[in-house]
2 protein chains.
Amino acid sequence: MIIDGMADRPLEELGNKTPLEAAKTPKMDHMSQLGVNGIMDPIKPGIRAGSDTAHLSILGYDPYTVYTGRGPFEAAGVGVDVMPGDIAFRCNFSTASADGIITDRRAGRIREGTDELADTLNSIELEEDVEVIFKESTGHRAVLVLRGKGLSDQVSDADPKHDGKKFKEVFGLDGSLEADATAVILNKVIKKSYELLKDHPVNIERMENGDNPANIILPRGAGAVPEAEPFNDKYDVKSACIAETGLIQGIAKIAGMDVIEVEGATGGVDTNLDNIANSIIKNASLNYDFILINIDGADEAGHDGNLKEKLEFIEKVDEVVGRIMEIEDLYFILTADHSTPISVMDHTGDPVPLVIKGPNLRVDHVSQFNERAAASGGLCRIRGSDIMNILMDLMNRSSKFGA
Amino acid sequence: MIIDGMADRPLEELGNKTPLEAAKTPKMDHMSQLGVNGIMDPIKPGIRAGSDTAHLSILGYDPYTVYTGRGPFEAAGVGVDVMPGDIAFRCNFSTASADGIITDRRAGRIREGTDELADTLNSIELEEDVEVIFKESTGHRAVLVLRGKGLSDQVSDADPKHDGKKFKEVFGLDGSLEADATAVILNKVIKKSYELLKDHPVNIERMENGDNPANIILPRGAGAVPEAEPFNDKYDVKSACIAETGLIQGIAKIAGMDVIEVEGATGGVDTNLDNIANSIIKNASLNYDFILINIDGADEAGHDGNLKEKLEFIEKVDEVVGRIMEIEDLYFILTADHSTPISVMDHTGDPVPLVIKGPNLRVDHVSQFNERAAASGGLCRIRGSDIMNILMDLMNRSSKFGA
């Protein structure tokens, strides 16, 4: 169970406590008393992990090998059945003027009709033997996948990052024929998107209502879909993932895990934690050997620098932890994927606390679950990449190396 | 000094203490007070190490590179001068019927005459340019080494693992010409072993006495002898090994260490610890810079799930530790190569305690030698592969990396 971005740094306004130290978390503290504690570097000490790279590492995949960019995981997360070798991009629906100036990168924060726009874009046919797969995500967000031979993810972004600038011509980044060819295709797709969307009924209606039209797509964050050994084969388990965001769901999908949707799971501090807890408890009673859980709100509060929301959300998550602790006969690992300190408003490379509860553990003296208390625990300091090995050993599911 | 399999997990019948926590170990505890303590992952966290792979790692060899299987170390351990490229197998002397059914995999647990049988098998000559080297080990155990060009260790086992089954035809595992050729040779050797042994005087006498004849050899556990940099060159030391089992002695031999035999060292809980202690003390006064010690009984008790024997053996080993502590002017490292918990009866991936005693150490506050106390020590959590570097640094025998 990964509480996204929960770990933090001491804050003067909390008497130099971290939010996790200051919050009332009786259940997590009880868990630390019953278990073995330590601190964990999601990737390695000091590395500022993304949620995606941290989760890959924790699941036993080397992010330096597997992670080529955010695109493939976003694409898998919104339901594109990506295949190894596909090149995937994150996209915005944006508003462009006739001369290519991006007047609104978020197309008036469009919420309705993006599925129809995506349908239209899926009709794009290229003279090259390359398939164009387009899928809307939440709001103005979408993903683009190119499928075919001789493609590369070494291409630049089209997104100019600021309103009022012309969208950028995409170019190859490494001088390879593949990258140059991919850039040519991408520039065609962007041009065709404007042609197909500028007079689209959805946009005509938007303009009539005084909204900015979503008349162009701007790809960024190219990544090649990696060849990842299926998680269930790697560890000989049946696994599932309960996560709120497309990014984490996408990682689970590329790893071949079952992805369980929870109604009302928003990925924010307003998420329905009760539904999430119910789903965890229900699925833990099914025939899964392993469930990956990601709860995202603390990270959002951290990015927003909103201490009050972070404290309140941690205290609400504490109740979910209490409910999971009541499930019998399992190893329960509670941790975070990285720190998102209120004072930094972004991820940092600080280690995160970690506790394991379950049968036959070398229970230690730690009595509170937080960044500093955990550091004196029996696990000392481990890495994200150690977790699956430790868990499979405890579950007696790994085999001996040697005699 | 590696107490094989000494580390464990908490046991309810010991009030949730581990055997090492429950046993009376005043000498080890005193050593922890005088030294610097920590926990160690023999390979890496959660990996279930064999004794062989753990010892390789502790001696500074990467087991993922060097370890190809148990055969080469067993062969070296029983005194075959193996050479890089040799393919080595563990074998049983077994009893086969005329139609190839294995009626007794252990040939009536034969104890006498295996040297004569081995002599006979060493006369095997093949039309291929491959040398057959055969050597008896303890009881029904033996090793087979094939020496020649174009051989492979990617071959299956002949041992059917259960009595009453026909022995298995060996086949190549990776489709290579070398593996297929090696399988052909191995099948010939097995067939010839039956021809040479079925009417062997040793077996005629056995049958007259109503014992099962040792009339076939069944190879398994193929491994290619690795190219390992001699330990003495790697660390610029003169080194020796005092170990009880052929497996650990074999590792020491392949590493080029002097192997010192101790009379009465059985590798079990009944071993002669007094003789082992005397040998350590004697050899420490000779001109060795480094002595690797392995004492095996705690591992045997762990595999047997025999708590009483494990506790008693740890307490007996404590006295050996006390005697070594009296030797002056040395760095003394006490640890285990893996956990063999009574509750699991096999190796697990739990870290093991480790203490270093000697001059100029940053002595910590730890006052007991066991799994949990060590975790709060000054070494924190290290890996097996760190030990030689730490020791050579303390002994001021390593050189600076950089300026």
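Just to be sure before I move on: is A:Gly35 touching a strand residue (DSSP E or B) at 6+ places or on another chain (Cβ under 8 Å), buried (at least 22 other Cβ atoms within 10 Å of the Cβ) and within 23 Å of A:Pro359 (Cα to Cα) in the structure I sent?
So A:Gly35 passes the test.
Which one of these is surrounded by 24 or more Cβ atoms within 10 Å (Cβ to Cβ) and not assigned by TED's automatic domain parsing to the domain that holds B:Thr340: B:Ala96, B:Ala118, B:Ala54, B:Ala49?
The conditions single out B:Ala96.
Count, please, the residues in the range B:85-127 that happen to be in contact with a strand residue (DSSP E or B) (Cβ under 8 Å, 6 or more places away or on another chain), touching a residue at least 12 places away in the same chain (Cβ under 8 Å) and in a loop (DSSP other than H, G, I, E, B).
So the count comes out to 10.
Mind checking which residues of the range B:37-57 are in a loop (DSSP other than H, G, I, E, B) and facing another protein chain (nearest Cβ under 8 Å)?
Quick first cut of the range B:37-57, residues in a loop (DSSP other than H, G, I, E, B) only: B:42-48, B:50.
The answer is B:Ile43, B:Lys44, B:Pro45, B:Gly46, B:Ile47, B:Arg48, B:Gly50.
Within the range A:155-181, count every residue that is assigned to a loop (DSSP other than H, G, I, E, B) and within 17 Å of A:Ala88 (Cβ to Cβ). Let's see the steps before the verdict.
Taking the range A:155-181 as the starting set, the residues that turn out to be assigned to a loop (DSSP other than H, G, I, E, B) are A:156-164, A:167-171, A:173-176.
Next cut, within 17 Å of A:Ala88 (Cβ to Cβ) only: A:156-159, A:170, A:173.
Number satisfying all stated conditions: 6.
Find the residue count for the range A:158-184, including only residues that are free of Cβ contacts under 8 Å to residues at least 60 places away in the same chain, closer than 18 Å to A:Ile124 by Cα and buried (at least 20 other Cβ atoms within 10 Å of the Cβ).
Total satisfying the criteria: 1.
Exactly one of these conditions fails for B:Leu218: (1) in the same structural domain as B:Leu56 (by TED's automatic domain parsing); (2) more than 17 Å from the chain's Cα centre (by Cα); (3) not polar (S, T, N, Q). Give me its number.
Failing condition for B:Leu218: (1).
In the set A:Lys135, A:Lys191, which member is free of Cβ contacts under 8 Å to residues at least 12 places away in the same chain and among the basic types (Lys, Arg)?
Of the residues listed, the single one that is free of Cβ contacts under 8 Å to residues at least 12 places away in the same chain and among the basic types (Lys, Arg) is A:Lys191.
Which residue, of B:Val130, B:Val66, B:Val78, B:Val82, is in contact with an Asp or Glu (Cβ under 8 Å, 6 or more places away or on another chain), buried (at least 17 other Cβ atoms within 10 Å of the Cβ), among the β-branched types (Val, Ile, Thr) and in contact (Cβ under 8 Å) with a residue 40 or more places away in the chain?
Of the residues listed, the single one that is in contact with an Asp or Glu (Cβ under 8 Å, 6 or more places away or on another chain), buried (at least 17 other Cβ atoms within 10 Å of the Cβ), among the β-branched types (Val, Ile, Thr) and in contact (Cβ under 8 Å) with a residue 40 or more places away in the chain is B:Val78.
Does A:Pro353 satisfy the condition of being in a loop (DSSP other than H, G, I, E, B) and touching a residue at least 12 places away in the same chain (Cβ under 8 Å)?
no
Would you mention how many residues in the range A:362-376 are more than 8 Å from every other protein chain (Cβ to nearest Cβ) and crowded, with 23+ Cβ neighbours inside 10 Å?
Total satisfying the criteria: 5.
How about the range A:352-361: which of its residues are surrounded by 23 or more Cβ atoms within 10 Å (Cβ to Cβ) and either out of contact with any His (no Cβ under 8 Å at 6 or more places or on another chain) or within 14 Å of another protein chain (Cβ to nearest Cβ) (or both)?
Residues of the range A:352-361 surrounded by 23 or more Cβ atoms within 10 Å (Cβ to Cβ): A:352-356.
Within the range A:352-361, A:Pro353, A:Leu354, A:Val355, A:Ile356 qualify.
Determine if the range A:382-396 includes at least one residue that is away from chain B (no Cβ under 14 Å), at pLDDT 95 or above and in contact with a strand residue (DSSP E or B) (Cβ under 7 Å, 6 or more places away or on another chain).
no
Being of a type in the set (A, V, I, L, M) and surrounded by fewer than 17 Cβ atoms within 10 Å (Cβ to Cβ) narrows it down to one of A:Ile260, A:Ile242, A:Ile327, A:Ile251, so name that one.
Only one candidate passes the filter, namely A:Ile327.
Which of the numbered conditions does B:Ser399 fail, given that it passes all the others? Conditions: (1) at pLDDT 95 or above; (2) farther than 26 Å from B:Pro26 by Cα; (3) assigned to a loop (DSSP other than H, G, I, E, B).
It fails just one condition, (1).
Got at least one residue in the range B:284-294 being at pLDDT 95 or above, under 30 Å from B:Leu146 (Cβ atoms) and touching a strand residue (DSSP E or B) at 6+ places or on another chain (Cβ under 9 Å)?
yes
The values are calculated or read from the model by the stated rules, or taken from the named source; none is laboratory data. Not measured: the values here are computed from a predicted model. FYI the Cβ positions are ideal-geometry reconstructions off the backbone, even for glycines, and counts take in every protein chain you see.
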